[in-house]
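The values are calculated or read from the model by the stated rules, or taken from the named source; none is laboratory data. Quick caveat, the model's predicted, so the values are computed rather than measured. Every residue, glycine as well, gets a Cβ built from its backbone with ideal geometry; the counts of neighbours run over all protein chains shown.
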Amino acid sequence: MEFVETKLGFQEPDVPPESVFNQCVRCGLCLPTCPTYVETLVETSGPRGRIALIKAVSEGRLDLTSPGFMHQMSECLDCRACEAVCPSGVAYGRLLEPARTQIERATAERRPLFARLVRGFALGMLFSNMALMRFAAALLRFYQRSGLRRFAHESGLLRGLNLESLEALAPAMSRRFFVPSGELRRTTHGVSKATAFMHAGCVMHVAFAEVDEATVRVLTRCGCDVVTPRDQGCCGAIAVHAGEMELGRKLAKRNIESFERSGADVYVVNAAGCGSTLKEYGHLFEADTAWSERASAFSAKVRDVTEFLDAIGIAPELGRIDGVVTYQEPCHLAHAQRITAAPRRLLASIPGLILREMDESSLCCGSAGIYNVTQPEMAGRLQERKVANIVAVDPAFVATANPGCALQVAAGIRKAGRAIEVKHIVELLDEAYAAYKPTSRASSARAASTLA
Amino acid sequence: MIVSLAPRVVGELREIAGAPHVLTAVEDLIAYGYDATWYEARPVAVVLPATTAEVAAVHRLATRERIALVPRAMGSGLSGGSVPLEGSLILAVPRMNRILEIDEVNRVAIVQSGVINAALQDAVESRGLFYPPDPSSLRQSAIGGNVAENAGGARCLKYGVTADYVVALEIVLPDGTIVRTGGKMLKNATGYDLRALYAGAEGTLGTITEITLRLLPKPRFTRTALAAFARIDDATATVRAVMASGLLPASIELMDRLTIRCVEENAPAGLPLGSDAVLLFAVDGNYEAIVDEELATIAEIASAHGATETRVAASAAESARLWEARRAVSPALARRTPNKLGEDVCVPLSEIGEMVRRIREIAQRYDLQIPVFGHAGDGNLHPNILCDRRNREEMVRVRAAAREIFEAAVALGGTLSGEHGIGLLKKQFIELDVGSAALGLMRRIKDAVDPLGIMNPGKIFPDPGGADAFDLP
């Protein structure tokens, strides 16, 4: 007699599409590009192995909640490096995200109540309501900047509550938040080339407000009108990557409506992770014909700020920044959006700045959204690897284009005891514009014309 | 056949390689069950040793316990060579990934078997040296696997295949004995050539742990040119004429109409869509003027044979894009249908036009799409039969067409496999090619080296029942 064990499989909706995983011919070209594969050298921890596991669950050969499957779906950084090199065109992200959603749905009730509450609050409230996020950020800022933080550390309170690692992950809050005001900022130079919708972001506008401000200044400096509507919100990346597709769709709808109402020509984003999610809104609504068209039309207007500036041509009045810069490529810029040349061209255009490439510049640094929390060990290994590659080129600056990378790289550099500044490309441009003095050539040209 | 290892054996494996390097979870067994063909099987466990001593210890254990062993590097093979049949234990070498030495005077590199081909190429080229074998999988395949399958590549036309570069090997025999054969010298006429025996043995005679490879000085200039044709016959005639002209390009690659379309859908490289075929030429050398002159001569020959367009890549970037596109052909074909059967026939150069004609005729007769691409300059073609394995009726035609392609290659004085090996994919056809006497000799060698039959069972040699490799799950 044969005993057939029933395996828990995928349930509609949000099932990893067979048409996507069947496209994998298992050539293995993805393996050397996968951060977790190169760290472990284990097939299961690579894209080809993970696709095989998703296929196995789909075909009833593996249980959705088997520990190895759940581990692999969580250990994957969703960095999409595999997707960028895949000659067969396997859209890996469209497998992983639904697979995580399936696991999330099947295991939600198994989580401890406290963890469920924290997750529910973070995703359902904080990332859904920007005013609430600013309120929480203001509390966090008070905690970080008053004596409270020191007290919490020294008293052992954090350790007692088991919140030490979580607390260390919270980024330092900006002194002043970047609050979308709804007003239109006119270009400071010449006739407007385009009206840009400025995506303020969720984490960005409270922890990287200075990058948001620099973005507005650089855009207006380069001939754009900029509008920052109040009714925009989080892009939904955190929710989608955590397997909360429904919430992701809700947040997406809000941004689509906000952009449609704004009348802007282009939707500009300065966080690569947000940009790739915004550009893929179409996939979120595949089963919803009413919204899928609007979502695709919206996505077609989304531009990363580096991509946009490179396309419109930046104002040439850049001052000097002397030093070596190396470029840490955000996965969601290089792999998910396939933007690699524009950021480098922008950096190279700054006088005095020398771009020196590090090894493995497009290998994930281990930040990957909430990966630090879910996979601290692998995140740490990748952070160390990244910092070693950075230190090897001995730069003054690391340029990047995503908040997660900036935090992860800066933390790694601090741990290594190095003094290397981490900057968004837009910040470097902003500083270069601020440092601009009419050059000697320009002034001598003026002198010459006076003489004539 | 065993379906799982005794806990005692798993314990011993953990002692040998360290507990984290012995995998028995069902997820791991799924992930180590395939290569780049469509075959899948499930190993009983996976062990990832880090040293030759550990490999030898695994072999001794396998011999004592009569466990089948399948050496595996990156699992990127195209013949099913590393698919673990009959409850095998996978012995995976990716942790053995160190380049041990690059000796510039003797012009050799010593590597462990898990070193990726491209990593070796980068390392030697940074010192002005050159390792020519360049299988299309060079970014993901490892040298150990390259040797085991005797991999080729585009540059083999001028430079030869992997086996031509192996000057020494460290091999672990099935019973765990470590054999070192050869050395850093380039000539060696002492005894049987064991290096040649193990190159292409597909892991059926032992595990390769360390390889010494001959290197060349890197040619200072490499140029790429492309020629497009309205008729594929003109392309193959051009290949023959170029080779008869006394020139020796590094590569002459052929891509037919359907291949061109798949490549351009994957990553546009500027191939002329609508052509019946294109040829991609690489010419290298130390004198720029001579390289350019040879390329011009090739372009003239192509034009004289009806090329509708000839174009020299203007920059290194354009050239790199064309070769990346060429290397991506095999997986890019998967954009068309769920599955493909990639063949690897090799015929004498004089017969290449006839081989292409016969493939097209077979495709038409069986109503199948069979794009053809490959290393036309050395007679090695990759007809890929596009198919859907779920369609039983179609698979009957696919099987018949595959057999006819093999028969055609052999009839033209060619062989079943130029560079992928026999593995599972072609084992039922091997006798057709080598004949019973040679096959008998191969079997006697196998039995002498591996009397227990534990090394990579079910590969190369046909199944006694005559079952077809297509019947596998």
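The figures follow:
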{"quantity": "Residues satisfying the stated conditions in segment A:62-75, i.e. at the interface with chain B (Cβ under 7 Å from one of its Cβ atoms) and in contact with a Lys or Arg (Cβ under 7 Å, 6 or more places away or on another chain)", "calculated": "A:Leu62, A:Gln72"}
{"quantity": "Single unsatisfied condition, B:Ala168 versus (1) in a loop (DSSP other than H, G, I, E, B); (2) modelled with pLDDT of 95 or more; (3) not β-branched (Val, Ile, Thr)", "calculated": "(1)"}
{"quantity": "Residue among B:Ala189, B:Ala199 that is assigned by TED's automatic domain parsing to the domain that holds B:Ala163, without any contact (Cβ under 8 Å) to a residue 60 or more places away in the chain and crowded, with 18+ Cβ neighbours inside 10 Å", "calculated": "B:Ala199"}
{"quantity": "Unique match (being facing chain B (nearest Cβ under 10 Å), touching a Cys at 6+ places or on another chain (Cβ under 7 Å) and within 24 Å of B:Val47 (Cα to Cα)) among A:Cys30, A:Cys34", "calculated": "A:Cys30"}
{"quantity": "Output for segment A:353-388, where each listed residue is within 23 Å of A:Leu429 (Cβ to Cβ) and part of a loop (DSSP other than H, G, I, E, B)", "calculated": "A:Arg356, A:Glu357, A:Met358, A:Ser361, A:Ser362, A:Cys365, A:Ser367"}
{"quantity": "Every residue from segment B:287-318 that is surrounded by fewer than 17 Cβ atoms within 10 Å (Cβ to Cβ) and charged (D, E, K, R)", "calculated": "B:Glu288, B:Asp292, B:Glu293, B:Glu300, B:Glu309, B:Glu318"}
{"quantity": "Pair list, Cβ < 6 Å and 6+ apart or interchain, from segment B:58-81 residues that are among the charged types (D, E, K, R) to residues that are at pLDDT 95 or above and crowded, with 24+ Cβ neighbours inside 10 Å", "calculated": "B:Arg72/B:Ser82; B:Arg72/B:Ile90; B:Arg72/B:Ala92"}
{"quantity": "Among (1) within 24 Å of B:Val398 (Cβ to Cβ); (2) at pLDDT below 95, the one test that B:Asp367 misses", "calculated": "(2)"}
{"quantity": "Residues satisfying the stated conditions in segment B:43-57, i.e. within 14 Å of chain A (Cβ to nearest Cβ) and either without any contact (Cβ under 8 Å) to a residue 24 or more places away in the chain or in contact with a Phe, Trp or Tyr (Cβ under 7 Å, 6 or more places away or on another chain) (or both)", "calculated": "B:Pro43, B:Val46"}
{"quantity": "Segment A:7-43: number of residues that are free of Cβ contacts under 8 Å to residues at least 40 places away in the same chain, over 19 Å from A:Arg94 (Cα atoms) and either touching a strand residue (DSSP E or B) at 6+ places or on another chain (Cβ under 9 Å) or surrounded by fewer than 23 Cβ atoms within 10 Å (Cβ to Cβ) (or both)", "calculated": "5"}
{"quantity": "Flag if A:Glu317 is buried (at least 19 other Cβ atoms within 10 Å of the Cβ), in a loop (DSSP other than H, G, I, E, B) and not small (Gly, Ala, Ser)", "calculated": "no"}
{"quantity": "Per-region count, segment B:394-437, residues under 19 Å from the mean Cα position of the chain (by Cα), surrounded by fewer than 21 Cβ atoms within 10 Å (Cβ to Cβ) and of a type in the set (Ser, Thr, Tyr)", "calculated": "1"}
{"quantity": "A:Glu286 assigned to a loop (DSSP other than H, G, I, E, B) and free of Cβ contacts under 8 Å to residues at least 12 places away in the same chain", "calculated": "yes"}
{"quantity": "Residues satisfying the stated conditions in segment B:252-286, i.e. of a type in the set (Gly, Ala, Ser), surrounded by 16 or more Cβ atoms within 10 Å (Cβ to Cβ) and assigned to a loop (DSSP other than H, G, I, E, B)", "calculated": "B:Ala269, B:Ser275"}
{"quantity": "Checking B:Ala119 against (1) aliphatic (A, V, I, L, M); (2) touching a residue at least 24 places away in the same chain (Cβ under 8 Å); (3) more than 30 Å from B:Val239 (Cα to Cα), the condition it does not meet", "calculated": "(2)"}
{"quantity": "Out of B:Val263, B:Val278, B:Val329, sole residue that is at pLDDT 95 or above and closer than 24 Å to B:Pro133 by Cβ", "calculated": "B:Val278"}
{"quantity": "Number of positions in segment A:83-134 that are among the hydrophobic types (A, V, I, L, M, F, W, C), more than 14 Å from chain B (Cβ to nearest Cβ), more than 20 Å from the chain's Cα centre (by Cα) and surrounded by 21 or more Cβ atoms within 10 Å (Cβ to Cβ)", "calculated": "0"}
{"quantity": "Enumeration of residues in segment B:212-266 that are farther than 30 Å from B:Val111 by Cα and among the acidic types (Asp, Glu)", "calculated": "B:Asp233, B:Asp234, B:Asp256, B:Glu264, B:Glu265"}
{"quantity": "Subset of segment B:30-42 [over 23 Å from the mean Cα position of the chain (by Cα) and either away from chain A (no Cβ under 13 Å) or closer than 20 Å to B:Thr207 by Cβ (or both)]", "calculated": "none"}
{"quantity": "Segment B:178-228, residues that are of a type in the set (Val, Ile, Thr) and either in contact with a strand residue (DSSP E or B) (Cβ under 6 Å, 6 or more places away or on another chain) or under 23 Å from B:Pro84 (Cβ atoms) (or both)", "calculated": "B:Ile178, B:Val179, B:Thr181, B:Thr204, B:Thr207, B:Ile208, B:Thr209, B:Ile211, B:Thr212, B:Thr222, B:Thr224"}
{"quantity": "Scope segment B:298-318; condition over 25 Å from B:Ala244 (Cβ atoms) and part of a loop (DSSP other than H, G, I, E, B); matching residues", "calculated": "B:Ala314, B:Ser315"}
{"quantity": "Failed criterion for A:Val42 (all others in (1) within 25 Å of the chain's Cα centre (by Cα); (2) of a type in the set (Val, Ile, Thr); (3) facing chain B (nearest Cβ under 8 Å) hold)", "calculated": "(1)"}
{"quantity": "Some residue of segment B:79-91 being outside the structural domain of B:Thr212 (by TED's automatic domain parsing), in contact with a His (Cβ under 6 Å, 6 or more places away or on another chain) and surrounded by 24 or more Cβ atoms within 10 Å (Cβ to Cβ)", "calculated": "yes"}
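Per-residue answers, yes or no, for (1) over 22 Å from A:Phe197 (Cα atoms); (2) surrounded by fewer than 20 Cβ atoms within 10 Å (Cβ to Cβ); (3) in contact with a strand residue (DSSP E or B) (Cβ under 9 Å, 6 or more places away or on another chain):
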site: A:Ala242; (1), (2), (3): yes, no, no
site: A:Gly248; (1), (2), (3): no, no, no
site: A:Val268; (1), (2), (3): no, no, yes
site: A:Ser276; (1), (2), (3): no, no, yes
site: A:Ala287; (1), (2), (3): yes, yes, no
